[in-house]
1. Would you check which residues across the range 70-85 are part of a helix (DSSP H, G or I) and within 16 Å of the chain's Cα centre (by Cα) and list them?
2. Looking only at the range 86-93, decide whether some residue is in a loop (DSSP other than H, G, I, E, B) and either in contact with a strand residue (DSSP E or B) (Cβ under 6 Å, 6 or more places away or on another chain) or buried (at least 17 other Cβ atoms within 10 Å of the Cβ) (or both).
3. Going through the range 46-69 one residue at a time, which ones are closer than 19 Å to residue 34 by Cβ, in a loop (DSSP other than H, G, I, E, B) and in contact with a helix residue (DSSP H, G or I) (Cβ under 6 Å, 6 or more places away or on another chain)?
4. Counting only residues that are in a loop (DSSP other than H, G, I, E, B) and either over 27 Å from residue 72 (Cα atoms) or touching a strand residue (DSSP E or B) at 6+ places or on another chain (Cβ under 7 Å) (or both), which one in the range 1-42 is modelled with the highest pLDDT?
5. In the range 71-85, what residues are within 15 Å of residue 52 (Cβ to Cβ), touching a helix residue (DSSP H, G or I) at 6+ places or on another chain (Cβ under 9 Å) and loosely packed, with under 14 Cβ neighbours inside 10 Å?
């Protein structure tokens, strides 16, 4: 709930008015995610809610840029909590991206 509110604030005040080539920042970010994850099996990014729920999209984004950090081919769609924890742990430890989401909560 709190994270949803923070995301709404960020969207409203930070990137809502940014537009490049008639595309909002949110649409641009979604397009970027779609392009980066397109080659990955079991990843079909259509939105920022359901498409990231099983953790594979997060893992694919990390793997696309740092394939040494995640063995993507060993991941399973049947283990969403494990996938999410892997992505968030790797992002925090190796990419200095703070863990802002809790897959268990």
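The values are calculated or read from the model by the stated rules, or taken from the named source; none is laboratory data. As the structure is a computational prediction, the values presented were derived from the model and not from experiment. Methodologically, a virtual Cβ is constructed for each residue, glycine included, from the backbone with ideal geometry; neighbour enumeration extends over all protein chains shown.
1. Those that are part of a helix (DSSP H, G or I) and within 16 Å of the chain's Cα centre (by Cα): 72, 80, 81, 82, 83, 84, 85.
2. no
3. 54, 55
4. Only one residue fits best here, namely 22.
5. Passing the criteria: only 77.
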